[in-house]
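See below for the structure under consideration.
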2 protein chains.
Amino acid sequence: MTEPLTVDDLTRIRRIPERQRTDRAELYGILDAGLVAHVAFVREGRPVVIPFLYARDGDSLLLHGSTGGGLFLAPEGVEVSVGITHVDGLVFARSVFDSSANYRSVVVHGRAVAVPADEKEAALLVVSEHLMPGRWDEVRASTRKELAATSILRVGLERASVKVRAYGASEAPDDGEDRAVWAGVLPLALVAGAAESSSDVDVPASVRAAAARHVDSGTVRL
Amino acid sequence: MTEPLTVDDLTRIRRIPERQRTDRAELYGILDAGLVAHVAFVREGRPVVIPFLYARDGDSLLLHGSTGGGLFLAPEGVEVSVGITHVDGLVFARSVFDSSANYRSVVVHGRAVAVPADEKEAALLVVSEHLMPGRWDEVRASTRKELAATSILRVGLERASVKVRAYGASEAPDDGEDRAVWAGVLPLALVAGAAESSSDVDVPASVRAAAARHVDSGTVRL
């Protein structure tokens, strides 16, 4: 899919609409950079939010859970709103009001449907390759019992809002700020540390590949 | 408040219940380590999730928004479920099934109520001090117009679920794994980079204090 994202009543950004993005490649990039999605659904009239590990599979999201999880699915699926946010920095403007954060944020509206049994192994492979690239081939195959105890939900990406702030401190031009005060951005990123082994064999390619997704691009050491 | 968290139908962890924590200090620690909350609510029968910057204020959460935001409040407030999750690592077990993530996760169930006008400045101070400690005193005071355009919502912490996984790779003892395969944890952390200045004055104490909340404790440089 390469066409732009649809903007409708559900997906239109209301607050600071100029931060809305409709490029599908940008949506995919934000999703592919994340690990955890916050999945909202309605249970007995109340909102409930639960974190899930996830992966993108083409034009849908796969949410990885267990059959004992809190999201009880009707056969036709359940309506969800899925939030994924990366905080990329704190923006120090010269007033509290203009201070902000840099972020890349996606909200997907859709229906979570259980991946059927005969597609579950392929879906689990996609999730595994996203979280731990190459790990699938380093370990033994999943057993039928393990696959039966695994629940994977699929949510289409037809209706997704993308909101991004990615620039320095801004402020109204004549707003009484003290121009001598420092303004700028403190970047933040999710970074991998040194692998903690519980065995004395060498760290395998999958761990190095997962770490490479979370590279330290020059962090402060205090 | 020091008494343990209440476990009831709403806050009981159903999946892997042994990961539930009821220590209020642990709840506060997880909340104080975070920046963004995913706030779920019900709009016209549908679930909606929106990310908010937040801070903890004693035994409640403050959600920082704007009066133009997507969460339209009735005077008596709106029911919300608020999720905050820190991913602390990827856990490489010797099977895909036993592979996991280390995380600290909070879900708060409550009612979001707008902070009244006469308490808004004090609430904004709490949010500001959490995100950018000391910044409040480095910049000019907020104007009445700015405060009027700021919306802060308060959600009590009476009903909060805390779920934590913080250990190495586990596996069933006789599950066919290849013991020669590496197992362990790849730690992940949100880490501050070098401040990006848009002015040539020295980086102030507030930026150093915010960076100190996100210290690099030994990350991989690839």
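Quick note: the coordinates plus some simple rules give every number you see, no bench work behind them. Predicted model only: the values in this text are computed from it and were never measured. Methodologically, a virtual Cβ is constructed for each residue, glycine included, from the backbone with ideal geometry; neighbour enumeration extends over all protein chains shown.
The phi-based Karplus calculation (6.51 cos²θ - 1.76 cosθ + 1.60; θ = phi - 60°) puts the 3J(HN,Hα) values of the stretch B:203-212 at 5, x, 4, 5, 5, 5, 5, 5, 5, 5 Hz, whole numbers, x for Gly and Pro.
Once you have the Kirkwood Rh of the stretch A:48-131 from its Cα pairs, apply Stokes-Einstein at 25 °C and 0.890 mPa s and quote D in µm²/s. The estimated diffusion coefficient comes to 161 µm²/s. Translational diffusion coefficient, Stokes-Einstein: compute it for the stretch A:112-222 using the Kirkwood radius over C-alpha pairs as Rh, at 37 °C and 0.692 mPa s, and state it as an integer in µm² s⁻¹. It diffuses with D of about 172 µm²/s by this estimate.
Return the average number of partner chain Cβ atoms within 10 angstrom of each residue Cβ along peptide B:84-93. Per-residue shielding by partner chains comes out at 6.
Amide H to amide H distances under 5 Å link A:G89 with A:N102, A:L188, where only residues 5 or more positions off or on other chains count and H is placed in the peptide plane. The other copies place their B:R12 label points at 4.4 nm from this one, listed shortest first, where each point is 7 Å from Cα along Cα→Cβ. Distance between the C-alpha centres of the stretch A:164-217 and the stretch A:30-104: 20 Å, rounded to the whole angstrom. Averaged over the residues of peptide A:135-145, the number of Cβ atoms from other protein chains lying within 10 Å of each residue's Cβ is 4. Short to long, the 20 Å bins of the Cα pair-distance histogram for the protein assembly as shown hold 25, 59, 16, 0 percent of all pairs. Compared with the direct C-alpha span, the chain from B:A166 to B:E44 gains 40.1 nm at full extension, assuming 0.36 nm per residue. Please list, in order, the residues from the stretch B:92-106 whose amide nitrogen is less than 15 Å from a point placed 7 Å along the Cα→Cβ vector of A:S198. Counting only backbone N, you get B:92-103. Counted by Cβ distance under 9 Å from B:I16, the other residues give a net charge of +4, where Lys and Arg count +1 and Asp and Glu count -1. Copy-to-copy label distances for A:G156, where each label lies 7 Å from Cα along Cα-to-Cβ, are 4.2 nm in order of increasing length. Counting Cβ atoms of other protein chains within 10 Å of each Cβ in B:200-208 and taking the mean gives 4.
Label separation (A:E3 vs B:E158): 4.9 nm, computed from points 7 Å beyond Cα along the C-beta direction. Its residues counted as N, the stretch B:17-190 yields a C-alpha radius of gyration over 2.2 N^0.38 Å of 1.27. Our summary gives chain B a relative contact order of 25 percent, counting only alpha carbon pairs under 8 angstrom and 6 or more residues apart. The modelled label-to-label distance for the pair A:D178/A:I16, using points 7 Å beyond Cα in the direction of Cβ, is 2.5 nm. Counting other Cβ atoms within 10 Å as a rough exposure proxy, the listed residues B:F41, A:F97 run A:F97, B:F41 from fewest neighbours to most.
For A:M1, the label point sits 7 Å beyond Cα toward Cβ; its separations from the matching points on the remaining copies run 4.1 nm, from shortest to longest. Taking 0.36 nm per residue of sequence separation and removing the Cα-Cα distance, the B:D32/B:T143 pair yields an extension gain of 37.2 nm.
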